[in-house]
Amino acid sequence: MAAARAASREAAETEEELVRRAQRGDPGAFEELVREHEKRLFRLARQALEDDEDAADAVQSAFLRAYRGLGRLENPAAFPAWLTRILVRECISLMRARRPTVALDSIPEPPAPAAEDGEIWRFVEELPPPQRLILTLRFVYGYGPDEIAAMTGTPSGTVKSRLHRALRRLGRRLGAGT
């Protein structure tokens, strides 16, 4: 256990040093940061956007914005959360650009079939994009409502209500009756 914590601390220190080197203009350091984070960011963007090409575009735009704004990052230890926030905002921009605005309550509920554990993600994918994104950030990546609000530029109360609606929908789909 102590060895795992030490390795985690060492990896964080290494990442912080990579960020500092990238801030000083070392392109190889930024390339290493890209390699460390691109798969995680792509999975998040893919979950939010439901399209590989859009997800790749969002990730590429997020890395470009991060590269350009790296000098403004004051705390190198905050790099992963900062980069995720940039990606989330890119995903939201893409969702707004490609889809008309629809009230979340106006989307009809599909009939509720019997569900098995393996079907949960299929149900998550059926949620409206704002709910799906918030659910993914909360339960896959472990961010709290206030962190999600900061990342998405959405009021905390809106994040909480979307999370509640998403969980209520999933509960109904899974037959929990909530």
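Derivation of every value follows stated rules applied to the coordinates shown; laboratory data play no part. Computed from a predicted model, the values in this text were never measured in an experiment. Positions of Cβ are generated from backbone atoms using ideal geometry, with glycine treated the same way; all protein chains shown enter the neighbour counts.
Side notes on the structure shown:
- Computed extension length for Q23-D57: 9.9 nm, one decimal, from 0.36 nm per residue of separation with the Cα-Cα distance subtracted.
- The length gained on full extension between E31 and F139, counted as 0.36 nm times the residue separation minus their Cα-Cα distance, comes to 36.0 nm.
- Modelled label positions at I120 and R65, each set 7 Å beyond Cα in the direction of Cβ, lie 3.0 nm from each other.
- Sequentially through region 158-163, phi angles give Karplus couplings (6.51, -1.76, 1.60; θ = phi - 60°) of 5, 4, 5, 5, 5, 5 Hz, Gly and Pro residues having no value and appearing as x.
- Phi to ³J(HN,Hα) by Karplus 6.51 cos²θ - 1.76 cosθ + 1.60 over region 41-56, Hz, x for Gly, Pro: 5, 5, 4, 5, 5, 5, 5, 6, 9, 6, 8, 4, 5, 5, 5, 4
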